[in-house]
1. Please tell me which of these pairs span more than 31 angstrom C-alpha to C-alpha: K190/K237; K2/K166; K123/K183?
2. Could you give me the ³J(HN,Hα) list for segment 176-191, computed from phi with Karplus coefficients 6.51, -1.76, 1.60 and θ = phi - 60°, whole Hz, x at Gly and Pro?
3. Just rank W279, W270, fewest to most, by other beta-carbon atoms within 10 angstrom.
4. List the cysteines in the chain whose Cβ has no other cysteine Cβ under 4.7 Å from it.
5. With point charges of +1 on the Cβ of Lys and Arg and -1 on the Cβ of Asp and Glu, referenced to the Cα centre of segment 193-263, which listed residue (L196, H259, L219) lies farthest in the positive direction of the dipole?
6. Using the Cα centre of the chain as origin and beta-carbon charges of +1 (Lys, Arg) and -1 (Asp, Glu), tell me which of G245, V95, G151 is placed farthest towards the positive end of the dipole.
7. Could you list which residues have their amide H under 5 Å from that of W279, counting only those 5 or more apart in sequence or on another chain, with H placed in the peptide plane?
8. Neighbouring Cβ atoms within 10 Å as the yardstick, rank K210, K47 fewest first.
Amino acid sequence: MKVLAIVGPTGSGKSELALKIAERVPAEIISCDSVQLYRGFDIGTDKVPEEVRRRVPHHMIDVIPGCRRFSAAEYAKMAAEVIREVHRRGRLPVVVGGTLLYFRALERGLFPLGPVGEGFRKKWHEHPEELRRRSMELDPSYYVKIGPNDGKRMIRLMEIFYSSGKNMSEAVELTSPPLPEAKFLKFALKLPREELYRRIERRTEEMFKKGLVEEVRRLLALGYPPDCPPFEAIGYKEALAFVRGEIDLETAVRLVKKHTKEYARRQLMWLRREEGIIWIKPGEVQRILEEVH
């Protein structure tokens, strides 16, 4: 079973490229974005419009109606079943997104966790310096790989260690993929840094013009609490800080641009260490089609 994957840094044009592929071959798109999973969080995730989704089927979007946390392992299990269904329909599954931990879980699997107790994540969130120090002690090679600002992956490292006694590097060796029958054709988009940063700045400004702040206010009014997981995502956390009067609008926009650029750099660092990646420019549709066929 062939599975096409289009990955890359945020703002690089992954969704547009996937739609161009779908215009040329029978395909369905499987989102690999940890925030697009949540219903109602639309502008800050740059979701593909409904009319486009009616024309080209999209999956793993708006599957969580509330605020429960959705793990990478859950994503991998659900997305694997979707991919099998798409394949049974005789169409090409195209995985698109930049949540690379989720993609890794889908391609390779994740080490199963044992119970770690109530408040485990909250404890580490509240002590970031201790989290960095302990992560570096437990698995220095993994710590260097993810960088000192990737708190989510450090907490994952802690969960694995305290539930199994193994570090992340050991756990990776013991995982099994949820789609063992799949052959992933992995393409990553690469743009000159200046162009990528221009895209990020333009997209950030568009998000606020389209009503990101109003979307946050609407979600809060609907009863979504400030600690709802999507509010931790870049864009939403800064807009939420503005709505709560913690920063002004100009600062919120500036911080979204800054944090998104930092995130894009981390994504590129991650991808450069991945095996089997084919780097392409956004317009190289024919090159992808040649590999698919």
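1. Beyond 31 Å between Cα atoms: K2/K166; K123/K183.
2. Values per residue, Gly and Pro as x: 10, x, x, 10, x, 7, 8, 10, 8, 9, 9, 10, 10, 7, 10, 10 Hz.
3. Ascending number of Cβ neighbours within 10 Å: W279, W270.
4. C32 - these cysteines have no disulfide-compatible partner (Cβ-Cβ under 4.7 Å) in the chain.
5. Result: L196.
6. Of the candidates, V95 comes out farthest on the positive side.
7. Those lying under 5 Å, H to H, from W279 are A188.
8. Fewest-to-most ranking of K210, K47: K210, K47.
Throughout, read-outs are computed from the coordinates displayed, never taken from laboratory work. Owing to the predicted nature of the structure, the values given are computational and were not obtained by experimental measurement. Positions of Cβ are backbone-derived with ideal geometry, glycine not excepted, and every protein chain shown enters the neighbour counts.
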